[in-house]
Every structure is written in C-alpha cells, then in structure tokens.
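The values are calculated or read from the model by the stated rules, or taken from the named source; none is laboratory data. Keep in mind it's a predicted model, so treat the numbers as computed, not measured. We place every Cβ from the backbone using ideal geometry, glycine too, and count neighbours over all the protein chains shown.
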Number of protein chains: 2
Amino acid sequence: MKNLLVASTSTIHGGSYLEYILPALSDHFGNTDDVIFIPFARPGGISHDEYTEKASDAFRSIGKELRGLHTFTDPIKAIAEAGGLFTGGGNTFVLVNALHRLELMAPLREAIFLGTPYLGTSAGSNICGISMQTTNDMPIVYPPSFKTLGAVPFNINPHYLDPDPNSTHMGETRETRIMEFHSQNSIPVVGLREGSWLDVKGDVITLVGKLSARIFLKDKTPYEIESGTVIDSL
Amino acid sequence: MKNLLVASTSTIHGGSYLEYILPALSDHFGNTDDVIFIPFARPGGISHDEYTEKASDAFRSIGKELRGLHTFTDPIKAIAEAGGLFTGGGNTFVLVNALHRLELMAPLREAIFLGTPYLGTSAGSNICGISMQTTNDMPIVYPPSFKTLGAVPFNINPHYLDPDPNSTHMGETRETRIMEFHSQNSIPVVGLREGSWLDVKGDVITLVGKLSARIFLKDKTPYEIESGTVIDSL
C-alpha cells in the first residue's frame with residue numbers, strides 16, 4: 001500500500017529545515033532506521049554530499065541517519081531495499097533529468113507502489129505527480145521526458161502562491177500559469193501552500209497542515225479544499 | 001545587419017498593450033507596412049487569431065497592419081519575405097515547441113541575421129537568447145529542444161524581479177533561480193526589468209528604458225548596468 005508524505009516545502013518562514021513536519025516524519029519513518037536520501041535536485045547547485053549532510057542533520061533530531069543515494073554503487077538495488085525514501089527539493093528539471101538518465105524513475109515508482117514510506121518536499125513532491133509540468137522551476141537542464149512517478153493521480157504545484165492584489169508586476173500569476181497548463185493538458189493540479197502536505201495511504205489522499213489547498217481542473221473555476229479533506233476524485 | 005528590439009514585457013503596470021514602447025516601434029518598423037506577427041506563445045491559452053487581433057489593435061495606432069504567421073500556407077516563405085517580425089509573449093515552452101516542430105527556428109534566425117527588423121516581448125525576447133533556459137514559464141509542453149535563436153550572445157530573463165525583502169514565501173527568488181542555472185551552464189544572463197528593452201543594431205546592443213538591468217555571469221557576483229549602457233562583452 002502506498003505510503004507517502006507529499007509536502008509543499010521543506011521549510012516554512014521562520015523555521016529551520018523540515019522543522020514543521022518532523023513530528024509527522026518521526027511517525028512516517030517509525031519502522032525503519034534505513035532511510036535513503038535522493039539529493040539530485042541540488043538546491044542552489046549544492047553538491048550531493050552537502051545536500052545529504054543538510055538533510056541528515058534534520059533527520060538526526062528524530063534519531064535517524066540518512067544515506068545519500070549517490071553513494072551507492074547500485075542505486076536501483078538501494079531503492080528496492082530501502083526502508084524509507086526521501087527526495088529533497090531544489091530544481092525539478094535537474095532532479096527529473098538525473099532520475100531518467102540513471103534509469104531510476106521506474107525503480108522508484110515500484111518501491112513506492114510496494115509501500116516503501118516516501119517523503120517528498122517541493123521538487124521531491126513534484127515528481128509524485130503524473131508529470132513535472134506544473135513545477136515553478138527554471139528549465140536549467142533538458143530532461144529526456146517530463147513524465148514523473150504518478151504516485152498520485154494529478155499534478156502538484158508546490159509553494160503555491162496566491163496572486164498579490166498590490167503587485168505592479170506584469171509577469172503571470174501562479175493561477176494564470178496553471179490555467180495555461182490546462183490550455184494544453186487535462187491533468188488536475190493541486191496547488192499546495194507552504195506548510196501543507198498530502199498524506200497518501202493507498203488510494204486515500206488527505207490534505208494535512210493548517211492551510212487550505214487550491215484545486216485546478218481544466219475548464220473549471222479553481223476552488224479551495226480545507227485541511228483534512230480526502231481528495232478522492234478530481 | 002541585425003536590427004532587433006528585445007523587450008522585457010509587452011505591457012507595463014497601468015499602461016495598455018505595447019503602449020510604452022509604441023514610439024520606438026514606429027521608428028523600428030518605419031520602413032515597412034508588412035509586419036508579420038508570430039502568435040504561437042498563446043498567453044493564457046488564447047487562439048492565434050485572438051492574439052493576432054490584440055497585437056494588430058496596438059500596431060494600428062502607429063499605422064501598421066499585422067498579419068499572423070499562422071495564416072500563411074508557407075510560413076517559411078512568409079518569414080523570409082517579411083518586412084518586419086514581431087513575436088509576442090505568452091508561454092515560452094509553447095512558443096519554442098511550435099517554432100521547432102514547424103521548423104521555423106532556422107528561417108527566423110536567418111531573417112534576423114539578414115536584417116529584418118524584429119520585435120520580441122517576453123517569450124518573444126526569450127527566444128532571442130542562446131537558449132530558453134532562463135524563462136520564467138511553466139513547462140506545459142515538451143519542446144524538442146531548448147535551443148533558441150542566438151540573436152544575442154547571452155540569455156534573457158524577461159520580467160526580471162528583485163527579491164522582496166518582506167516576503168515570507170520560501171520559493172526561490174529569481175536571482176537564486178538564475179544562479180542555479182549557472183550551476184549547470186555558463187551562458188551569461190541579462191535580467192531585463194519590465195519597461196526595459198535591448199536595442200540590437202548589428203553587434204551593438206544597448207539597454208534602453210528608465211531602469212537598470214541585472215547581469216549574471218557564472219561564478220561572479222551579479223551587477224547592475226544603467227540604461228544607455230552598450231553591452232559589448234559578457
């Protein structure tokens with residue numbers, strides 16, 4: 001049975017890395033001491049080692065050691081045998097490019113569908129959707145495909161941001177961008193605000209956190225769902 | 001001799017479409033009544049006809065009629081014979097996808113290098129760079145390549161936006177995104193604020209408009225250039 005936490009962000013304003021979600025992680029990874037970290041999204045271009053160290057620091061506070069997937073000679077085997085998986089945020093193009101080129105997308109999907117506890121934040125959540133096409137990131141590398149894990153039957157827009165009524169900036173709002181996505185695609189999109197996450201247990205997907213989320217369906221007016229809502233048909 | 005206006009945006013806050021740049025356009029397209037509009041970026045998903053009509057409305061105020069490239073049976077010939085070319089903004093992925101799939105990137109580049117006056121706004125400016133990889137847009141379609149016209153020897157970031165010191169949002173700032181681009185690429189990037197444009201005459205590229213622009217070079221601290229600066233080596 002699938003068992004994922006799909007979080008909008010690793011960090012909320014005023015908090016430290018993963019701080020706001022640590023109690024949930026302690027529970028989510030409660031049955032394993034063997035969590036593998038996937039550092040490929042490289043936020044700000046940091047190295048795999050640096051990023052793994054940063055994530056490990058946070059996990060140590062709940063008594064877990066992380067090992068970086070990049071340190072394994074056989075990453076496919078490592079994913080299959082992992083007790084838990086965590087994909088951190090950064091640049092979604094860099095992450096998806098690495099996963100496709102290393103042929104890790106299918107093994108990762110298989111582990112998730114077999115029930116390995118998974119945590120994604122930001123780019124690591126984006127890849128839980130059907131495609132990465134509602135990322136906010138810059139296309140700094142050209143991946144072989146935009147297809148992602150399909151662990152949830154919709155796309156994620158992490159760091160969802162409401163339009164600023166006082167803005168004088170003429171660039172597209174996030175809502176406009178997602179509506180442009182729907183001019184070309186029919187996949188539903190869940191806009192997850194920072195501090196929210198989806199708890200996925202099998203096919204039951206529940207919105208968790210203090211904030212509502214915004215649902216975008218092709219040719220429909222976007223609408224809000226409250227925390228605690230089970231997203232069962234989009 | 002190349003002859004381009006590469007504008008950050010079509011519209012500045014409080015103004016109508018193209019209004020702020022119409023005096024320059026009147027001069028730029030002064031020698032032709034035959035300007036072709038490339039509507040493929042489809043802002044908000046609007047149709048090619050609708051978008052061409054919107055752009056034509058603005059051009060009529062300087063006594064020019066536009067014809068949409070989509071209305072020609074032989075768009076390659078149309079580009080080669082055009083007296084002027086204007087590519088409007090919208091979604092850069094949609095625009096670049098269309099130009100590659102219709103095999104129009106090379107003809108467009110040839111016309112520009114032969115001196116056909118060109119105007120780009122937003123996505124239409126993004127494609128003047130070496131690649132579209134510093135676009136702000138969502139990857140709503142998968143183009144065959146991110147390579148673009150290379151009409152200027154750097155990349156453009158249109159709608160450049162300074163970090164907001166009061167923001168509580170944890171998504172990456174524009175500057176962070178461009179620095180991530182430079183973790184993977186060495187192409188210089190010019191961040192063009194709304195209301196700025198580049199005037200390209202042969203190899204002389206001048207920043208025009210009231211605002212400064214921000215220059216990003218790999219492994220260097222970003223810096224500002226003032227309006228009027230000739231960008232001659234990056």
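Assorted remarks:
- Segment B:51-105, residues that are hydroxyl-bearing (Ser, Thr, Tyr) and more than 26 Å from B:Gly129 (Cβ to Cβ): B:Ser56, B:Ser61, B:Thr71, B:Thr73
- Residue match in segment A:88-98 (condition: away from every other protein chain (no Cβ under 14 Å) and crowded, with 21+ Cβ neighbours inside 10 Å): no
- Among the residues listed as B:Ala111, B:Ala98, B:Ala58, the single one being of a type in the set (A, V, I, L, M, F, W, C) and either more than 23 Å from B:Ser145 (Cα to Cα) or touching a Cys at 6+ places or on another chain (Cβ under 7 Å) (or both): B:Ala58
- Residue among B:Ser212, B:Ser131, B:Ser167 that alone is among the small types (Gly, Ala, Ser), modelled with pLDDT of 95 or more and out of contact with any Gly (no Cβ under 9 Å at 6 or more places or on another chain): B:Ser212
- Any hit, segment B:112-121, residues being under 15 Å from the mean Cα position of the chain (by Cα) and within 14 Å of chain A (Cβ to nearest Cβ): yes
- Some residue of segment A:124-147 being in a helix (DSSP H, G or I), within 23 Å of A:Leu192 (Cα to Cα) and β-branched (Val, Ile, Thr): no
- Taken together, B:Leu198, B:Leu207, B:Leu211 contain a single residue that is in a loop (DSSP other than H, G, I, E, B), away from chain A (no Cβ under 11 Å), over 30 Å from A:Gly15 (Cβ atoms) and under 22 Å from the mean Cα position of the chain (by Cα), which is B:Leu211.
- Per-region count, segment B:128-151, residues of a type in the set (Asp, Glu) and more than 9 Å from chain A (Cβ to nearest Cβ): 0
- Hey, A:His48 within 14 Å of chain B (Cβ to nearest Cβ) and at negative phi or not: yes
- Taking (1) within 11 Å of another protein chain (Cβ to nearest Cβ); (2) in contact (Cβ under 8 Å) with a residue 12 or more places away in the chain; (3) of a type in the set (Asp, Glu) in turn, B:Asp232 satisfies each apart from (1).
- First in segment B:115-136 and at positive phi, second anywhere and hydrophobic (A, V, I, L, M, F, W, C) and surrounded by fewer than 24 Cβ atoms within 10 Å (Cβ to Cβ), Cβ under 6 Å, 6 or more apart: B:Gly115/B:Met1
- Annotation note: Cβ proximity below 9 Å between a residue of segment B:48-61 that is over 12 Å from B:Tyr17 (Cα atoms) and a residue that is surrounded by 14 or more Cβ atoms within 10 Å (Cβ to Cβ) and among the polar types (S, T, N, Q) (sequence gap 6+ or interchain) occurs for B:His48/B:Thr71; B:Asp49/B:Thr71; B:Thr52/B:Thr71.
- Any hit, segment B:14-27, residues being in contact with a helix residue (DSSP H, G or I) (Cβ under 9 Å, 6 or more places away or on another chain) and without any contact (Cβ under 8 Å) to a residue 40 or more places away in the chain: yes
- For segment A:29-73, filtering for residues that are buried (at least 18 other Cβ atoms within 10 Å of the Cβ) and of a type in the set (Ser, Thr, Tyr) leaves 2.
- All positions within segment B:152-187 that are at the interface with another protein chain (Cβ under 7 Å from one of its Cβ atoms), assigned to a loop (DSSP other than H, G, I, E, B) and touching a helix residue (DSSP H, G or I) at 6+ places or on another chain (Cβ under 6 Å): B:Leu161
- Qualifying residue in segment B:31-51 (condition: in contact with a strand residue (DSSP E or B) (Cβ under 9 Å, 6 or more places away or on another chain) and of a type in the set (Lys, Arg)): no
- Positions within segment A:1-11 being within 16 Å of the chain's Cα centre (by Cα) and surrounded by fewer than 22 Cβ atoms within 10 Å (Cβ to Cβ), in sequence order: A:Lys2, A:Asn3, A:Thr11
- Only a single item in (1) farther than 27 Å from A:Gly14 by Cβ; (2) aliphatic (A, V, I, L, M); (3) in contact with a Phe, Trp or Tyr (Cβ under 6 Å, 6 or more places away or on another chain); (4) not in a loop (DSSP other than H, G, I, E, B) is not met by A:Val190, and it is number (1).
- Residues that are part of a helix (DSSP H, G or I) and either within 14 Å of chain B (Cβ to nearest Cβ) or of a type in the set (A, V, I, L, M) (or both), drawn from segment A:7-43: A:Glu19, A:Tyr20, A:Ile21, A:Leu22, A:Ala24, A:Leu25, A:Pro43
- Members of segment B:44-69 found to be touching a Ser or Thr at 6+ places or on another chain (Cβ under 6 Å) and in a strand (DSSP E or B), listed by number: B:Leu66, B:Gly68
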